[in-house]
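Input: a single structure, listed below in structure tokens.
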Amino acid sequence: MLPIIHLMFEHRLIERVINLVEEELRNMNETHTVNSKFIDSCTDFLKYYSARCHEGKEVGFLFRDLSKKDLLVEHYRIMQELIAEHLYMRKTINSIVKANEDYELGNLGSLIELMKLIEDLITIYPRHIEKRRSNFSNLL
């Protein structure tokens, strides 16, 4: 089995969590409340599994190995975009953690910020995964 298959399995798991977060966002829109424990669990998963474990393999192995190949300039540009998206997603996750903490402390105004950040996250993750899949799955 190609090592990239493991990354694809990890993408499916990340997508499942993102789908759950999207469902929670719908609940937040309907109830105007936050299930803070659920958000904590999801952000922990995204911080530790997605950002550290999965992203570490993607950048540390996949992109490293791809960089040694004779790739199109476009592929190098896309790798840089993906790396920038990793940074953006980590920053967004950290902002969600902060907004969720503020909400737990009674700052109800942070609900709007939290919803906006979650919307951003559930939008970028699937696009990021598809960009990586469509551009690099066949190069190894």
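The values are calculated or read from the model by the stated rules, or taken from the named source; none is laboratory data. If you're wondering where the values come from, they're calculated on a predicted model, not measured in any experiment. Using ideal geometry, Cβ is built from the backbone for each residue, glycine included, and neighbour counts are taken over all protein chains shown.
Of note:
- Answer from Tyr103, Tyr88, Tyr76 - the residue that is buried (at least 18 other Cβ atoms within 10 Å of the Cβ) and either among the hydroxyl-bearing types (Ser, Thr, Tyr) or in contact with a Pro (Cβ under 7 Å, 6 or more places away or on another chain) (or both): Tyr103
- The residues on offer are Asn19, Asn29, and the sole one that is under 18 Å from the mean Cα position of the chain (by Cα), polar (S, T, N, Q) and surrounded by fewer than 17 Cβ atoms within 10 Å (Cβ to Cβ) is Asn19.
- Which numbered condition Gly60 misses (of (1) in contact with a Leu (Cβ under 7 Å, 6 or more places away or on another chain); (2) loosely packed, with under 11 Cβ neighbours inside 10 Å; (3) not hydroxyl-bearing (Ser, Thr, Tyr)): (1)
- Those helices (runs of 4 or more DSSP H) lying entirely in region 1-104 with at least 3 residues under 17 Å from Leu121 (Cα atoms) and not hydroxyl-bearing (Ser, Thr, Tyr): 4-31, 36-45, 73-104
- Filter result (of a type in the set (A, V, I, L, M, F, W, C), closer than 30 Å to His75 by Cβ and more than 15 Å from the chain's Cα centre (by Cα)) within region 109-140: Phe136, Leu139, Leu140
- Residues in region 49-70 that are more than 11 Å from the chain's Cα centre (by Cα), within 19 Å of Arg12 (Cβ to Cβ) and among the aromatic types (Phe, Trp, Tyr): 1 in all.
- Residues located in region 105-115, provided they are in a helix (DSSP H, G or I) and more than 13 Å from Glu24 (Cα to Cα): Ser110, Ile112, Glu113
- Check on Tyr49, surrounded by 15 or more Cβ atoms within 10 Å (Cβ to Cβ), closer than 21 Å to Leu7 by Cβ and modelled with pLDDT under 95: yes
- Among the residues of region 1-16, those that are buried (at least 18 other Cβ atoms within 10 Å of the Cβ) and either under 14 Å from the mean Cα position of the chain (by Cα) or modelled with pLDDT of 95 or more (or both) comprise Leu7, Glu10, His11, Ile14.
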